[in-house]
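Working notes for the structure below.
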Amino acid sequence: MIHPIVYYAAGACALAVLYPALRARLQLSRAKHRSLAGHSRMARRFASVVPYYEYDAERFFRADAAPDDVAAARRDGFMRLAAVFTERFRETADLTDDIVDAVSDLQFTSRYRVPFQFSRFVREHFKAGVFLQSSSGVTVTDMDGNRFYDLTGSYGVNLFGYDFYKECIARGSERVRDLGPVLGAYHPITTYNVRRLLEISGLEEISFHMSGTEAVMQAVRLARYHTGRSHLVRFCGAYHGWWGDVQPGVGNPIAPGETYTLQEMDDAAIKVLRTRRDVACVLVNPLQALHPNISAPGDSTLVDSGRSAHFDRAAYSTWLGKLREVCSERGIVLIFDEVFVGFRLSLGGAQEYFGVKADMVTYGKSVAGGLPVGVLCGRRQFMRRFRDDRPADICFARGTFNSHPYVMGAMSEFLKRIDSEPVHGLYRDLDTVWNLRAQALNERLQSAQLPVRVANLSSIWTICYQQPSRYNWMFQYYLRAAGLALSWVGTGRLIFSLNYTDADFSDVCDAMVSAAHAMQEDGWWWASPRLTNKSIRRGVLKEMLQARWLSPIGSMSSPRMR
Ligand SMILES: Cc1ncc(COP(=O)(O)O)c(C=O)c1O
């Protein structure tokens, strides 16, 4: 018989072995954000069980149980707006219809403009199309000749106005024309780009890629290579391109095994970085300073009015400082992903703006003067792809089109122009200008008693809604009819170029206020004491459960039910 003390001893040994692992696991759990976005696996599981259902023509207008007169006003407004779309955007819509069934990208974006329950009905009635024929100043013109103020910012690329980029591309192409599209070798113009980008980033080596996604991939790969550690840390909600390892949640069919998603601006995350031994790098997207831990806001997820945003520069600088400290202490590579915000917040990018130095920085979007690019700058010790003492142990990265002469040409124009006085002028008082503009618009919206406000990180804006509603996503269509071009995420993100004058901006404000008035008059923001964000979310959850498990209620339908 084995003496009980042996069991105790074995238990104590097992505990001693398991305790650190359990503690580390607990620490990791504590450092996750409470939301689904903070729990990638759970989010993917949840997404896989959300059933499709849609509202019929009756339910569409009273998903919030609004009374008959309100539903009738909404229907009238909707049909009136749909008629405006049909008449005004006919040619653009027809051209889009010609290709939409063959272009998967278009099918995706057109489907995810509004919450899915409303999507089909909206698509059937609002035909706007995706084609544009020209751009000029701060406007774009569609195939029907309608001019819109551009608030898409071309995904953030457009920082100085489209004419600026047309010139960068034209002049850049001229300068590299003799070499043309020769790849592998470098055009001599590249030397200027290398020098300037290293000066701007304050780092020692550089590599050129074809997209922001690739630059991020390479940064993480190098961090793993040099630290010998497996995991990357990203923060909840942050976008870093569509490479699998940086997109562990919904949207990626395979869950990456070596990514930790932690809560941003939270000391529990610092604790994880201080104690774990498997973290190679921390990826930061400073755009998240506008809405920490929340995914890029899009109108397709605008189920209620819970969207919020607020930028606190001092608090975010302090957070980055803490990250810098723990990364230095633990030999973790700190990567600033400035693909979006680089050059937008200041000439020296987010490092300069927040006063914190990173080990690696990625740039993209604007930096190639309007052509596709990704750039990685880093400290020499992290950028090397080989080891002097172990020649077969390399970190491979290539790319057919990297350092393309035309891209390098447009980039050199971009970098030269941002050193000029007119561009320096745009950066002077940049935040003051955009904060005052946001404030002025909010004051107008408030005095007009409209339940809409804007929040901003410099020239990057988002629209928030002050009153519980299921229909905020309709605002994007009123804005379009008022002459404002938004990207497919709708009112979630408005991106201004810095060449907006006060007069341009005043026109945009007029359009926003009149669009909001029209939307209010059409009854979409009907309020009731029983309509709260919580009751809306609960109602939608109930519908989902009903669609999945029970027989359909009369006014909803789903393919399963038909
Ligand atoms: C912060 C950030 N990183 C990476 C990317 C990916 O860049 P690209 O679309 O050029 O691959 C983006 C794109 O929006 C981004 O905003």
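The values are calculated or read from the model by the stated rules, or taken from the named source; none is laboratory data. Only a predicted model underlies this, so the values are computations on that prediction, with no experimental measurement involved. Don't worry about glycine lacking a Cβ; one is built from the backbone with ideal geometry, like all the others, and counts go over all protein chains shown. Only protein heavy atoms, including side chains, enter the accessible area calculation; ligands, DNA and RNA are left aside. Shrake-Rupley method; radii C 1.70, N 1.55, O 1.52, S 1.80 Å.
Observations on the model:
- Positive-end residue of 114, 84, 499, charge dipole of the chain with Cβ unit charges: 114
- Here the peptides 31-37, 301-307 are ranked by packing, the mean other Cβ count within 10 Å, and the order with the highest first is 301-307, 31-37.
- When shorter helices are ignored and each DSSP H run of at least 4 residues is given -39500 (n - 2.57), the per-residue value for the chain at 222 nm works out to -14000 deg cm²/dmol.
- Less than 5 angstrom separates the built amide H of residue 333 from those of 281, 282, all sequence-distant by 5 or more or on a different chain.
- Charges were assigned to the Cβ only: +1 to each Lys and Arg, -1 to each Asp and Glu. The resulting dipole of the stretch 360-516 about its Cα centre is roughly 720 debye.
- The phi-based Karplus calculation (6.51 cos²θ - 1.76 cosθ + 1.60; θ = phi - 60°) puts the 3J(HN,Hα) values of the stretch 447-460 at 5, 8, 6, 9, x, 10, 9, 10, 10, 9, 10, 6, 8, 9 Hz, whole numbers, x for Gly and Pro.
- Residues of the stretch 355-381 with an amide N closer than 17 Å to a point placed 7 Å from the Cα of residue 419 along the Cα-to-Cβ direction: 367-369.
- For the chain, the carbon plus sulfur part of the accessible surface works out to 56%, probe radius 1.4 Å.
- Kirkwood radius and radius of gyration were both taken over the C-alpha atoms of the stretch 398-452, and their ratio Rg/Rh is 1.33.
- The calculated FRET efficiency for residue 69 paired with residue 275, based on their beta-carbon distance and R0 = 56 Å, is about 0.40.
- Euclidean distance between Cα centres, the stretch 294-323 to the stretch 62-104, Å: 31 Å
- When each of the peptides 8-19, 402-413, 161-172 is scored by the mean number of other C-beta atoms lying within 10 Å of its residues, the order from highest to lowest reads 402-413, 161-172, 8-19.
- With θ taken as phi - 60° and the Karplus curve 6.51 cos²θ - 1.76 cosθ + 1.60 applied, the whole-hertz 3J(HN,Hα) list for the stretch 220-232 is 5, 4, 5, 4, 5, 4, 7, 8, x, 10, 8, 9, 10 Hz, x standing for glycine and proline.
- Charge dipole magnitude, Cβ of K and R +1, D and E -1 - the stretch 121-271, Cα centre, debye nearest 20: 220 debye
- Pairwise Cα inverse-distance average, inverted: Kirkwood Rh of the stretch 153-262 (Å): 17.2 Å
- In this simple spin-label model, placing a label point 7 Å from the Cα along the Cα-to-Cβ direction at both residue 504 and residue 535 gives a separation of 4.4 nm.
- ³J(HN,Hα) computed for each position of the stretch 22-39 - Karplus, 6.51 cos²θ - 1.76 cosθ + 1.60, integer Hz, glycine/proline x: 5, 5, 4, 5, 5, 4, 5, 4, 5, 8, 9, 6, 5, 6, 4, 4, x, 10
- Computed from the Cβ-Cβ distance with R0 of 30 Å, the FRET efficiency linking residue 102 to residue 243 stands at 0.70.
- Multiplying the residue separation of residue 123 and residue 46 by 0.36 nm and removing their Cα-Cα distance gives an extension gain of 25.1 nm.
- Anisotropy class of the stretch 335-429 from Cα gyration tensor, a/c 1.5 cut: oblate
- Approximating the spin labels as points 7 Å out from Cα along Cα→Cβ, the residue 179-to-residue 514 distance works out to 5.0 nm.
- Accessible surface, per residue, of the chain when the full set of protein chains is kept, probe 1.4 Å, Å²: 46 Å²
- Pairwise centroid distance, computed over Cα atoms, of the stretch 248-278 with the stretch 407-459, Å: 32 Å
- In terms of packing, defined here as the mean over residues of other Cβ atoms within 10 angstrom, the peptides 440-451, 61-72, 348-359, 211-222 line up highest first as 211-222, 348-359, 61-72, 440-451.
- Counted over the chain, the DSSP beta bridges are approximately 65% antiparallel.
- Size descriptor, Kirkwood hydrodynamic radius, that averages inverse alpha-carbon separations across the stretch 354-490, Å: 19.7 Å
- Most positive-pole-ward Cα, 528, 481, 433, against dipole of the stretch 407-562 from beta carbon charges: 528
- Length gained when the stretch residue 314-residue 400 is fully extended (0.36 nm per residue, less Cα-Cα span): 26.8 nm
- Convex hull volume of the chain per residue (C-alpha atoms, cubic angstrom): 203 Å³
- Euclidean distance between Cα centres, the stretch 174-235 to the stretch 367-384, Å: 3 Å
- Inter-site label distance for residue 521 and residue 7 at 7 Å from Cα along Cβ, in nm: 8.1 nm
- If R0 equals 35 Å, the separation of the Cβ atoms of residue 448 and residue 352 corresponds to a calculated FRET efficiency of about 0.40.
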